[in-house]
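The values are calculated or read from the model by the stated rules, or taken from the named source; none is laboratory data. Computed from a predicted structure; not experimentally measured. Backbone-built Cβ (ideal geometry, glycine too); neighbour counts: all protein chains shown. Accessible surface areas use protein heavy atoms only, side chains included; no ligands, DNA or RNA. Shrake-Rupley method; radii C 1.70, N 1.55, O 1.52, S 1.80 Å.
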Amino acid sequence: MARRRQIYEGKAKILYEGPEPGTIIQYFKDDATAFNAQKKGTISGKGVLNNRISEHLFTLLGQIGVPTHFIRRLNMREQLVRQVEIVPIEVVVRNVAAGSLSKKLGIEEGTQLPRTLIEYCYKDDALGDPLVSEEHIACFGWATQEEMHEIADMAIRINDFMCGLFAGIGIRLVDFKLEFGRLWDGDYSRVILADEISPDGCRLWDMNTGEKLDKDRFRRDLGGEVEAYQEVARRLGLMPEG
Ligand code: C5P
């Protein structure tokens, strides 16, 4: 088979041209990076798990009416998705204080937030994805106000759904990152959920033990990364029992 044309290689994924116009293949790598790629490593088997977990979550979100780029999983490491123009904003949804929020504001990790907090970061590796306000987004035209309303609405719906889903399998959804893309139809576009949702971009804590089941195991040198991702997949019913 002729090798497909590579469109882009990111830190954890490679994008290839898809079989039909308007489609893309997302290939999930085992590479892991943290702290804006200052720390690099490999988590053997991570790509396979993230492909499967993200497929599952995007499928469920699609079923509750959240528009997503996901079309279907192709194999262990690849999924077919709709081609979108990525909105250059990382949307971080937080339920519990952790990570950069705790560090920046001196709030103890694990503190339940009084309400869900949505943060926006400008997607720019060279700048370290800086935190920005909706004023910055409007001022520099990274997204329209209408798009930002849709994005915030979807982020809240996704959070409500995922909090319940994870609570049902004994996992506290602390925070997570989303990306959205524009799907063009002639002169019109609408924003849909893009990228992936996996333990790479979520904080997932065991509700009873507080054990971290996400990329913080890599970031904080805790070890057991692949076992943690496998545990998430297992609880979601995605691993053969036994
Ligand atoms: O580092 P910070 O506390 O801001 O991260 C918040 C959440 O967003 C975490 O779940 C983290 O995994 C995710 N995130 C991400 N990619 C980034 C920044 C944050 O997936 N570039």
Could you work out [θ]222 nm for the chain from helices alone, using -39500 (n - 2.57) per DSSP H run of at least four and dividing by all its residues? Round to the nearest 500 deg cm²/dmol.
-8500 deg cm²/dmol
Rg(Cα) / (2.2 N^0.38 Å) computed for the stretch 6-82, rounded to two decimals:
1.15
Output wanted: per-residue J couplings in Hz (rounded whole) for the stretch 15-32, from phi through Karplus 6.51 cos²θ - 1.76 cosθ + 1.60, θ = phi - 60°, x for Gly and Pro.
10, 10, 4, x, x, 10, x, x, 10, 9, 9, 9, 9, 8, 8, 8, 5, 10
Given the stretch 6-82, what count of lysine pairs have C-alpha atoms under 12 Å apart, with each pair 8 or more places apart or on different chains?
6
If you average the alpha carbon positions of the stretch 39-101 and of the stretch 167-242, how far apart do those two centres end up, in angstrom?
8
Express the accessible area of the stretch 6-82 per residue in Å², computed with a 1.4 Å probe while the remaining protein chains stay in the model.
46
Find the accessible area per residue for the stretch 85-225; the probe is 1.4 Å, ligands and nucleic acids are left out, and the unit is Å².
49
Using each residue's phi in the stretch 77-86, evaluate 6.51 cos²θ - 1.76 cosθ + 1.60 at θ = phi - 60° and report the 3J(HN,Hα) Karplus result to the nearest Hz, with x for Gly and Pro.
10, 10, 9, 8, 9, 6, 6, 10, 9, 5
Hey, can you grab everything whose amide H is under 5 Å from the amide H of Phe180? Only 5+ residues off in sequence or another chain; H modelled, so Pro and N-termini drop out.
Val87, Ile89, Ala194
Along the stretch 33-43, what does the Karplus equation 6.51 cos²θ - 1.76 cosθ + 1.60 (θ = phi - 60°) give for ³J(HN,Hα), rounded to whole Hz, x for Gly and Pro?
10, 8, 6, 6, 6, 6, 10, 10, x, 10, 10
Between Ile171 and residues 5 or more places away or on another chain, the pairs with built amide H atoms under 5 Å apart involve Met207
Run the accessible area of the stretch 68-217 with a 1.4 Å probe and give the carbon-and-sulfur part as a rounded percent.
50
Between Gly181, Gly224, Gly45, where does the largest GNM mean-square fluctuation fall for the chain, given springs only between Cα atoms within less than 10 Å?
Gly224
Please give me, ordered by residue number, the chymotrypsin sites (Phe, Trp or Tyr not before Pro) of the stretch 1-103 that lie in loop per DSSP and have at most 10 other Cβ atoms within 10 Å.
Phe35
Residue with peak Gaussian network fluctuation, the chain [Cα springs, cutoff 10 Å], from Leu222, Leu57, Leu131:
Leu222
Under the rule of at least 5 residues apart or a separate chain, name every residue whose amide H is placed under 5 Å from the amide H of Val96.
Leu113
Hey, in the GNM for the chain with a 10 angstrom Cα cutoff, which one of Asp30, Asp185, Asp221 fluctuates hardest?
Asp185
Regarding the chain, what is the average projected area of its C-alpha convex hull, in nm²?
14.3
Distance histogram for the stretch 85-225 (every C-alpha pair counted, 10 angstrom bins, percent rounded to whole numbers):
11, 39, 35, 13, 2, 0
